[in-house]
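See structure below.
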Amino acid sequence: MICPQCGSEHHVKNGHTYYGKQRFKCKDCGRQYVEGSQYQHISEETWELVDRLLLEKISLSGIARVTKISMRHLQDYVNKKGSSDLGV
Ligand SMILES: [Zn+2]
């Protein structure tokens, strides 16, 4: 199980949903999620938006709020892109 919010694998069991699915709580960010949740898939368009926001010098936490992409995911993306490319 991977947290859909931050990608962490650290979680505690946190009861069951109404439908009987195991519910987990992320130890890192506190997000609750249920068994079967997928790690978010992010579309090309969303990454293009991220690029534009980065160029506007919007902070990563701001971008995370706007795009609903997890901080960890954004950080990975920025690292992969390389900071020189973004002029940061
Ligand atoms: Zn988390």
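The values are calculated or read from the model by the stated rules, or taken from the named source; none is laboratory data. Predicted model, so just to flag it, every value in this text is computed and none were measured. Here the Cβ is made from the backbone with ideal geometry for all residues, glycine too, and neighbour counts use every protein chain on show.
Residue under question is SER84, and the condition is that it be out of contact with any strand residue (DSSP E or B) (no Cβ under 7 Å at 6 or more places or on another chain), modelled with pLDDT under 85 and farther than 30 Å from VAL12 by Cα; does it hold? Show your work before the answer.
On the way: out of contact with any strand residue (DSSP E or B) (no Cβ under 7 Å at 6 or more places or on another chain): yes; modelled with pLDDT under 85: yes; farther than 30 Å from VAL12 by Cα: yes.
Against the criterion (out of contact with any strand residue (DSSP E or B) (no Cβ under 7 Å at 6 or more places or on another chain), modelled with pLDDT under 85 and farther than 30 Å from VAL12 by Cα), SER84 qualifies.
Taking region 18-36 as the search range and keeping residues that are surrounded by fewer than 12 Cβ atoms within 10 Å (Cβ to Cβ) and more than 21 Å from the chain's Cα centre (by Cα), which one is modelled with the highest pLDDT? Full working, then the answer.
So in region 18-36, the residues surrounded by fewer than 12 Cβ atoms within 10 Å (Cβ to Cβ) come out as 18-20, 30, 36.
Subset that is more than 21 Å from the chain's Cα centre (by Cα): 18-20.
Details: TYR18: 78, TYR19: 75, GLY20: 83.
Residue satisfying both the conditions and the ranking: GLY20.
State whether one or more residues within region 73-80 are at pLDDT 90 or above and of a type in the set (Ser, Thr, Tyr).
Within region 73-80 (the criterion being at pLDDT 90 or above and of a type in the set (Ser, Thr, Tyr)), the answer is no, since none of the residues qualifies.
Pull up region 1-17, narrow it to residues that are more than 10 Å from the ligand (Cβ to nearest atom) and within 30 Å of TYR77 (Cβ to Cβ), then point me to the one that is surrounded by the most Cβ atoms within 10 Å (Cβ to Cβ).
Initially, region 1-17 is screened for residues more than 10 Å from the ligand (Cβ to nearest atom), giving 1, 12-17.
From the residues that got through so far, the ones that are within 30 Å of TYR77 (Cβ to Cβ) too are 1, 12, 14.
Numbers: MET1: 17, VAL12: 8, ASN14: 14.
So the residue we want is MET1.
What are the pairs, 6+ residues apart or on separate chains, where a residue within region 10-30 that is outside the structural domain of SER70 (by TED's automatic domain parsing) has its Cβ under 6 Å from a residue that is more than 16 Å from the ligand (Cβ to nearest atom) and at pLDDT 90 or above?
ARG23/GLY15
Give the residue that is farthest from the ligand (Cβ to nearest atom), with candidates limited to residues of region 19-78 that are part of a loop (DSSP other than H, G, I, E, B) and among the hydrophobic types (A, V, I, L, M, F, W, C). Let's see the steps before the verdict.
Within region 19-78, the first condition is being part of a loop (DSSP other than H, G, I, E, B), and the residues that meet it are 19-21, 27-31, 35-43, 56-59, 68-70.
Still in the list and also among the hydrophobic types (A, V, I, L, M, F, W, C): 29, 42, 58, 69.
Numbers: CYS29: 3, ILE42: 16, ILE58: 22, ILE69: 13 Å.
Out of the qualifying residues, it is ILE58.
Out of (1) at pLDDT 90 or above; (2) assigned to a loop (DSSP other than H, G, I, E, B), the odd one out for GLN5 is which?
Just one mismatch for GLN5, condition (1).
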